[in-house]
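Asker: Just passing along the structure, written as structure tokens.
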Amino acid sequence: MANSTQPAFEVAAELVAQLLHQCQLLQHSSDLSLPIDVVQGLTIQATSQGYIQFDFSDEAIANYFNYWLHLLPNNPVPPGSWSKLPFATAALHHRIFLLQHTHARCCSLLRLAHEHHFIQLSPATLENQSNYWQIAVPTALPWLTETRQFHTNHATELQLIGQLVTVLDALTDWGADSPNSSTLPASRSKGAMMLLTVAEGLSQAFYESHRCWQLMGNLRTQARDRLQAHLGLILITQRLLYQLLHDQLAIEVPFQL
């Protein structure tokens, strides 16, 4: 038990030891909500300033992405569960249009890669039978190099990866606290604006990556694994934007420009 006279580092070190013990217990528990190879890729350590630092390896994040991509909502959130946006203004319409454009752009790039045979989209995707797009070939995206580092190592790609993880975590948190019909309208409106801001952060990260690492300029010059890993980031961006805009905010989501 920590006391008020202990240095911050010692307190943090004690907490780290407890967290590591809990992680070991979770690996043998049926209550684990994530694949075990994601948890095993977590490193927890105390810093000299007394903070606790959590680090996931590239391989753990890649396993998390693969796990999430193979999930389809068993009980999709009813459109508008977070309520429609509280007011309609020209500025708000412009913000929504930019997000719709981002989603359509992701779809366009994935179709382009399919047409050039770098990936194969699933039949359900091609036949417009599923709004949650999937890549059929390769069956497992080659996220990692032989040294188990991300292929997608451009600075803007790494920023996009960080934003994707942030949105996935946010959706998990909001899913647990999603407001019901008894929630006050003001709370639902605040939640809607928060989700819009999260979607904008993802959109901005995508466009920065797209600007600095253009797919069309790399189709014939980059290794196939490298291209497919980048396309995986585009796929996750598409699916998260659809989930944020359509499932949560009841906003129409176009699939082509």
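The values are calculated or read from the model by the stated rules, or taken from the named source; none is laboratory data. The structure displayed is predicted, hence computed values, not measured ones. Positions of Cβ are generated from backbone atoms using ideal geometry, with glycine treated the same way; all protein chains shown enter the neighbour counts.
Asker: Which of the numbered conditions does Trp68 fail, given that it passes all the others? Conditions: (1) surrounded by 14 or more Cβ atoms within 10 Å (Cβ to Cβ); (2) assigned to a loop (DSSP other than H, G, I, E, B).
Answerer: Of (1) surrounded by 14 or more Cβ atoms within 10 Å (Cβ to Cβ); (2) assigned to a loop (DSSP other than H, G, I, E, B), only one is false for Trp68: (2).
Asker: I would also like to ask the following. Scan segment 192-218 and report the pairs whose first residue is assigned by TED's automatic domain parsing to the domain that holds His101 and whose second residue is among the acidic types (Asp, Glu), with Cβ atoms within less than 9 Å and a gap of 6+ or a chain change.
Answerer: Filtered contacts from segment 192-218: Ser209/Glu157; Cys212/Glu157; Trp213/Glu157.
Asker: I'm trying to understand the selection: among the residues of segment 119-136, which are in contact with a Ser or Thr (Cβ under 9 Å, 6 or more places away or on another chain) and in a strand (DSSP E or B)?
Answerer: Once the filter is applied, which keeps residues that are in contact with a Ser or Thr (Cβ under 9 Å, 6 or more places away or on another chain) and in a strand (DSSP E or B), segment 119-136 yields Ile135, Ala136.
Asker: Scan segment 109-118 for residues that are in a helix (DSSP H, G or I) and either farther than 15 Å from Ile234 by Cα or of a type in the set (Lys, Arg) (or both) and report the count.
Answerer: The number of residues fulfilling the criteria is 2.
Asker: Next up: Do any helices (runs of 4 or more DSSP H) lying entirely in segment 145-257 carry at least 3 residues that are closer than 25 Å to Ala113 by Cα and at pLDDT 90 or above, and which ones are they?
Answerer: Those helices (runs of 4 or more DSSP H) span 155-176, 185-212, 224-242.
Asker: Given (1) in contact with a strand residue (DSSP E or B) (Cβ under 9 Å, 6 or more places away or on another chain); (2) part of a helix (DSSP H, G or I); (3) at pLDDT 85 or above, identify the lone condition not met by His101.
Answerer: Among (1) in contact with a strand residue (DSSP E or B) (Cβ under 9 Å, 6 or more places away or on another chain); (2) part of a helix (DSSP H, G or I); (3) at pLDDT 85 or above, the lone unmet condition for His101 is (1).
Asker: Among the residues in segment 53-65, are any farther than 30 Å from Glu127 by Cα and at pLDDT below 75?
Answerer: Within segment 53-65 (the criterion being farther than 30 Å from Glu127 by Cα and at pLDDT below 75), the answer is no, since none of the residues qualifies.
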